[in-house]
Amino acid sequence: MQQAQDDLQMRWWNLEAQLVERFGKKPDMEAILFLIGVQEFGDIRKKFSKEQKQDLMHIAICSLFRQSGYYELDRVDEDGWPHFTQLKALPVMTMPQQENFLKDHILLYFENAGI
């Protein structure tokens, strides 16, 4: 278990280093989720409202967990916003387990995107 955790941490630090190189500073989890949400939404606007930023992070979470079959894309509305359906409940986890679960899905997302 510790070996897998160490591997996850090393891969996470690698991703952070790549993002620092790309953006000039280390992004926190919210910033990474925002980036994924914008990528999935596909509209790189200069300004999003606070509510839209929250929606983009929700899109990111759904997109990340879609990789493991927890969500599926239901539809895209007339404004281009994707809507998801939850297919199964997320496992019950402690906070550190939740963070590692999320990190693992973020790493998978970036690997699949070729980053």
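Side notes on the structure shown:
- Selection from the stretch 53-95 of residues that are basic (K, R) and in a loop (DSSP other than H, G, I, E, B): K88
- Per this entry, I59 is not counted among residues that are in contact with a Ser or Thr (Cβ under 9 Å, 6 or more places away or on another chain), crowded, with 16+ Cβ neighbours inside 10 Å and of a type in the set (A, V, I, L, M, F, W, C).
- Filter result (more than 24 Å from A89 (Cα to Cα) and either among the hydroxyl-bearing types (S, T, Y) or in contact with a helix residue (DSSP H, G or I) (Cβ under 8 Å, 6 or more places away or on another chain) (or both)) within the stretch 42-70: I44, F48, S49, K53
- Residue in the stretch 102-111 that is touching a residue at least 60 places away in the same chain (Cβ under 8 Å) and among the basic types (K, R) present: yes
So that you can scan it fast, the table gives a plain yes or no per residue for (1) at pLDDT below 95; (2) charged (D, E, K, R); (3) surrounded by 19 or more Cβ atoms within 10 Å (Cβ to Cβ):
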{"residue": "K26", "(1), (2), (3)": "yes, yes, no"}
{"residue": "K50", "(1), (2), (3)": "yes, yes, no"}
{"residue": "Y71", "(1), (2), (3)": "no, no, yes"}
{"residue": "R75", "(1), (2), (3)": "no, yes, no"}
{"residue": "D79", "(1), (2), (3)": "yes, yes, no"}
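The values are calculated or read from the model by the stated rules, or taken from the named source; none is laboratory data. On a predicted model such as this, the values are computed, not experimentally measured, just so you know. When we count neighbours, we look across all protein chains shown, and the Cβ atoms used for this are built from the backbone with ideal geometry, even at glycine.
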